Amino acid sequence: MSETTLSQPQRNIVSRLWNDKETRSIIIQIIAFAAIFALFFYMVRNAVINLEAIGKDISFDFLWQPASYDISQSLVEYTSRSSHFTAMIVGIINTLLIAVFGILLSTVLGFLLGVLRLSKNWVTNKLAYVYIEYTRNVPVLLHILLIHGLIVHALPLPKNAINVSDAAFLTNRGFFLPSPEIQPLFWFVLALFVMGIIFSIWFRSYAKRVQDETGKYYPVFWISLSAIMGFPLIMYFLLGSPIDWQIPELKGFNYKGGMVIRPEFIALWIALSCYTAAFIGEIVRSGITAVSWGQTEAASALGVSRGRTLSLVVIPQALRIIIPPLTSQYLNITKNSSLAIAIGYMDIVATIGGISLNQTGREMECMTIVLLLYLTFSLLISAFMNWYNKRIKLTER
Amino acid sequence: MEKNNLSATGSTMKPDYVIGEHPDLPPPSNTIGPIAWIRDNLLSSPANIVMTILSIFFLYKILPPSLDWMFFDAAFVGEDRNACRAVADGACWAFISERFKLFTYGFYPIENRWRVDLSFVLLVIAVIPILFDKTPFRKYGLWFAMVFPFIAGWLLVGGFGLDPVPTEKFGGFMLTLVVGITGIAFSLPLGILLALGRQSNLPIIKVFCVSFIEFIRGVPLITLLFVASTMLSYFLPPGTNFDLLLRVLIMVTLFSAGYMAEVIRGGLQAIPKGQFEASDAMGLKYWPSMRLIVLPQALKISIPGIVNTFIGLYKDTTLVIIIGLLDPLGIGRASLSDTKWTGLSNEVYLFVALFFFVSCFAMSRYSLYLENKLQTEHRR
Amino acid sequence: MSNSTQIGTEQMNTDQDNIVIRINQMHKWYGQFHVLKDINLDVTRGEKIVICGPSGSGKSTMIRCINRLEEHQKGDIIVDGTELTNDLKNIEAVRREVGMVFQHFNLFPHLTVLENCTLAPIWVRKTPRLEAEEIAMQYLERVKIPDQANKFPGQLSGGQQQRVAIARSLCMKPRIMLFDEPTSALDPEMIKEVLDVMIELASEGITMLCVTHEMGFAKTVADRVIFMDGGEIIEENVPQEFFDNPQHERTKLFLSQILNH
Ligand SMILES: Nc1ncnc2c1ncn2[C@@H]1O[C@H](COP(=O)(O)OP(=O)(O)OP(=O)(O)O)[C@@H](O)[C@H]1O
Ligand SMILES: [Mg+2]
């Protein structure tokens, strides 16, 4: 044996090290690390030199200085004397607002489109198809600009607003809606509502346990619905409707009082939702088609009713296919909301990454904040979706 | 009915077909024909009837006014907006036709526009062999496609014997194509490398690729473009002035490479372990094994995803207007400020939308065609 | 057990220089799980060895250690004079000389049959393309499917695919062939066509290690049958003795189970 091992050509140490699996992997990684680090170091060095040359430093103090610009839509107190930090908070809230509303509307529209695409009705089906193809193949920025243009140009001035039963007024300055003034008694209704939610969560697991043990089946959906919606509604009327609605009124050139939804918000909301809905529609359609029809047949052969078949067999399986791509659509809507800047909706990019950046000249700091904020949102959404995914998978088994 | 038929033929004449090979009977008359089709597809149940009525009502409300505005009541020629309004109430397409050159070339110097045209012709020549595998001399065509981005870059930017054209003059559809094609051409190889890195068993490389991909996918493109336009120059050696378009191209490429990497990773994961084992057992090293065995299969599986990423990238080129480049949308919005043509934003948006719709729809159809072809070509 | 060690020492004395595979006190773990325990095996040039044993006993793992598709953690494996360590040059050298046929064929679906066969000669042995194709056609003729050379694997039957896989390995002109249950993914009528090819191959003096449950095949071609269970080599013997006179209880049980099937 020994002479055969000896007969191998003697190789030098470099070749021996390079050809050893472990050392080679270490060498490659050291080189990669060194290269990345060197690049990083080089860029930081450049930045330091460049900043010094124009006499700038890196500091986040500007956040506490007055922003001195106006923001048309703000859920928290904001004036032009507020700080850049407050402006950023307003931007964050506005981004979240558009993301949450966009996700809700696009999900509803998307599932509707998906179902329409599966409809046996030829006209409806083709209508949904044309809508989806048109929407998907045109950039979202164009949709936003187009819808914004339509709202601003096609809707009337406040003085001849479209009047919806004397309560809401649609104008090109925004939609003016009655705003609720909550009276103390309303908190009872709200408490009942929260209790209803807690009750139905408990009741769902209780009903499942009862069904597992005795086979008895409660109409969980209806009972939960009446707990969450029914009792609070009854309470609301029993207490004599403890909400006052403040109706907007035309004062001078514009409406005062009530609640206003800005045209930018509406345009962005509708455009983002319609755009994303087209993608969700396709996701839903392919998810449901992928759940083989054999499964449905098997279930109806077992004597399970049609509604039960949908809720017990088709939807859980389809959801498993639908949810991962749905998540990335939700992420997309959040990221696409940054296009707000094109029509002047004041979100993160427009506030801290736009006007604040231009006013203070603090490019590095502002862009870092913006990037970190978006990264946080994305990580949060995907963490939540991963958790939900796991849960669905577990209950599936 | 059928029984009658049989006995009738049987008793009166010899069947005119070989026994046992009865030709298919025609389908029962009430399952074919337009009336049956309408009944099955539009009126099969009360709900279906309601849907049909609603849909037709919707069409009736939407279609005639839109068509009127776009065609029947539109002005196709005219000096300015008022001239349009004088002849028709609908769209004023005269605006688009007057600015058509601007929409196509941006501010590219007129005497050099042949270079843009030539690049476009070369683009078509480069793309055909990629799209259709029956192209004659396909191999040379593919080689040409690989060098095309560089040739086109030289033609458009100039230098080396051609008049240099500053990239600020780029605009219109030409700019869209420049950004889109560059992104497509360079994001695919970069995406492949990132995907391989993410699948690699070298921890440092893996961590680097994962963080890069997740970072890119976690932030909107617009913020990266802002980074390119505002702070990237700080990180470059002092005194260097980096072309804005080039910075944008780099960012767009990196951005779609992140998405591309995830698509390709999906393809890599779909490849059975046996393929890796067989190529290992043959003694193939890492790169040959990837190039010859793994990537061809992985890329083939990921074609739909890759094309979707391309479409996304192509649509995203519109975002460059936000940092001041003049793509068709930018040109359109700039032209709107011309007093001759104010208030024609709908025309501009629809025209640009049409351009994007045609190109993106074509791409997605092509991807469907490829998918079907690959499925039937050789079953796995 | 005593019987097996006897044969081992006997061979070691006579065929010292002729040993092409030596596995010496080899152990392997998957994490905590001890898959292979103290494997000792010497294979002489040209020897045909059949390995059998119940599912999960570590047969595949053992032969996959021979071309280092799996790494062992303890002991030595020396193949054709080259010790298998982390040295990539050695691993490449061994893999050039050792062909492997898998249970699920593992043909490359995107390449034609001919391209499957020429790939390794061209890229590993650096054979000119024309020459590689000529050799490939020779081997495809040997496995009796030259007419399928330009088809894709997906268009062939299972038995044909497995024969292509054998031809593909042979194109590298290996000195040692490893077979991991080559017929167990096949329909009964295709098993014979693959076994026929293997029997013919066996008559040509190549060294073969074959994991299989085809006892007929073992009886005709094997020089030695090895029985594994629980990650150990329990018994090894010439086929005649192995089948007629098994020494170990576990062997008897195993044989009664598969022969009754
Ligand atoms: N990658 C792995 N990680 C952990 N355990 C493994 C792995 N591969 C195999 N095993 C375990 O090692 C044991 C031996 O596996 P091996 O595939 O060698 O068995 P085998 O004898 O070939 O069985 P079969 O006849 O079913 O092919 C099995 O118990 C298996 O579960
Ligand atoms: Mg096995």
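The values are calculated or read from the model by the stated rules, or taken from the named source; none is laboratory data. Note that the coordinates shown come from a computational prediction; the quantities given were computed from them, not determined experimentally. Every residue, glycine among them, receives a Cβ derived from its backbone with ideal geometry; neighbour counts consider all protein chains shown. These area figures cover heavy atoms from the full protein model, side chains too; ligands, DNA and RNA do not enter into them. Shrake-Rupley method; radii C 1.70, N 1.55, O 1.52, S 1.80 Å.
Considering C:VAL43, C:VAL101, C:VAL143, C:VAL113, the condition of being within 16 Å of ligand 2 (Cβ to nearest atom) and crowded, with 20+ Cβ neighbours inside 10 Å is satisfied by C:VAL101 alone.
Against the definition (within 12 Å of chain A (Cβ to nearest Cβ), touching a residue at least 12 places away in the same chain (Cβ under 8 Å) and under 28 Å from A:ILE31 (Cβ atoms)), how does B:TYR234 come out, yes or no? Spelling it out, it is not the case that B:TYR234 is within 12 Å of chain A (Cβ to nearest Cβ), touching a residue at least 12 places away in the same chain (Cβ under 8 Å) and under 28 Å from A:ILE31 (Cβ atoms). When we screen B:LEU299, B:LEU221 for residues that are on the phi < 0 side of the Ramachandran plot and more than 14 Å from chain C (Cβ to nearest Cβ), the only hit is B:LEU221.
Any residue in the stretch C:210-230 that is within 16 Å of ligand 2 (Cβ to nearest atom), open to solvent by 10 Å² or more (accessible area, probe 1.4 Å) and in a helix (DSSP H, G or I)? No: the stretch C:210-230 contains no residue that is within 16 Å of ligand 2 (Cβ to nearest atom), open to solvent by 10 Å² or more (accessible area, probe 1.4 Å) and in a helix (DSSP H, G or I).
Matching residues to (1) away from ligand 1 (no atom under 13 Å from the Cβ); (2) within 14 Å of chain A (Cβ to nearest Cβ); (3) at positive phi:
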position	(1), (2), (3)
C:VAL79	yes, yes, no
C:LEU88	yes, yes, no
C:HIS104	no, no, no
C:PHE108	yes, no, no
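Given the criteria surrounded by 18 or more Cβ atoms within 10 Å (Cβ to Cβ), within 14 Å of chain B (Cβ to nearest Cβ) and away from ligand 2 (no atom under 16 Å from the Cβ), does C:PHE152 qualify? Against the criterion (surrounded by 18 or more Cβ atoms within 10 Å (Cβ to Cβ), within 14 Å of chain B (Cβ to nearest Cβ) and away from ligand 2 (no atom under 16 Å from the Cβ)), C:PHE152 qualifies.
With open to solvent by 40 Å² or more (accessible area, probe 1.4 Å), touching a helix residue (DSSP H, G or I) at 6+ places or on another chain (Cβ under 6 Å) and closer than 26 Å to A:TYR345 by Cα as the only criterion, which of A:PHE101, A:PHE111 stands out? Lay out the reasoning, then the answer.
Values: A:PHE111 fails: closer than 26 Å to A:TYR345 by Cα.
Among A:PHE101, A:PHE111, only A:PHE101 is open to solvent by 40 Å² or more (accessible area, probe 1.4 Å), touching a helix residue (DSSP H, G or I) at 6+ places or on another chain (Cβ under 6 Å) and closer than 26 Å to A:TYR345 by Cα.
The selection criterion, being under 25 Å from B:ARG333 (Cβ atoms) and either of a type in the set (D, E, K, R) or in contact (Cβ under 8 Å) with a residue 24 or more places away in the chain (or both), does not hold for B:PHE100.
Rundown of residues vs (1) assigned to a loop (DSSP other than H, G, I, E, B); (2) polar (S, T, N, Q), yes/no style:
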site: C:LEU114; (1), (2): no, no
site: C:LEU140; (1), (2): no, no
site: C:ASP147; (1), (2): no, no
site: C:ASN150; (1), (2): yes, yes
site: C:GLN161; (1), (2): no, yes
site: C:ALA167; (1), (2): no, no
site: C:MET177; (1), (2): no, no
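Applying a threshold of 8 Å to beta carbon distances and a minimum spacing of six or more residues, or different chains, the list of pairs starting in the stretch C:166-182 at a residue that is farther than 16 Å from B:ASP280 by Cα and ending at one that is of a type in the set (Lys, Arg) and more than 16 Å from ligand 1 (Cβ to nearest atom) reads C:ALA167/C:ARG142; C:ARG175/C:ARG45. Sort out which residues of the stretch C:67-77 are more than 22 Å from C:ASP223 (Cα to Cα) and either within 15 Å of ligand 1 (Cβ to nearest atom) or open to solvent by less than 10 Å² (accessible area, probe 1.4 Å) (or both), and write them in order of number. C:ARG68, C:LEU69, C:GLU70, C:GLU71, C:HIS72, C:GLN73, listed by residue number. Taking the stretch B:322-358 as the range and being within 8 Å of chain A (Cβ to nearest Cβ) and farther than 22 Å from B:ALA91 by Cβ as the test, only B:ILE322 passes. Between C:THR127, C:THR118, the distinction of being open to solvent by 10 Å² or more (accessible area, probe 1.4 Å) and more than 8 Å from every other protein chain (Cβ to nearest Cβ) belongs to C:THR127 only. If the condition is being touching a residue at least 40 places away in the same chain (Cβ under 8 Å), open to solvent by less than 30 Å² (accessible area, probe 1.4 Å) and in a helix (DSSP H, G or I), then the stretch B:59-97 contributes B:PHE95, B:ILE96. Of all the numbered requirements in (1) in a loop (DSSP other than H, G, I, E, B); (2) closer than 23 Å to A:ALA340 by Cα, B:LEU329 misses one, and that requirement is (1).
Evaluate the stretch C:50-66: report whether one residue or more is surrounded by 20 or more Cβ atoms within 10 Å (Cβ to Cβ) and away from ligand 2 (no atom under 15 Å from the Cβ). No, the stretch C:50-66 contains no residue that is surrounded by 20 or more Cβ atoms within 10 Å (Cβ to Cβ) and away from ligand 2 (no atom under 15 Å from the Cβ).
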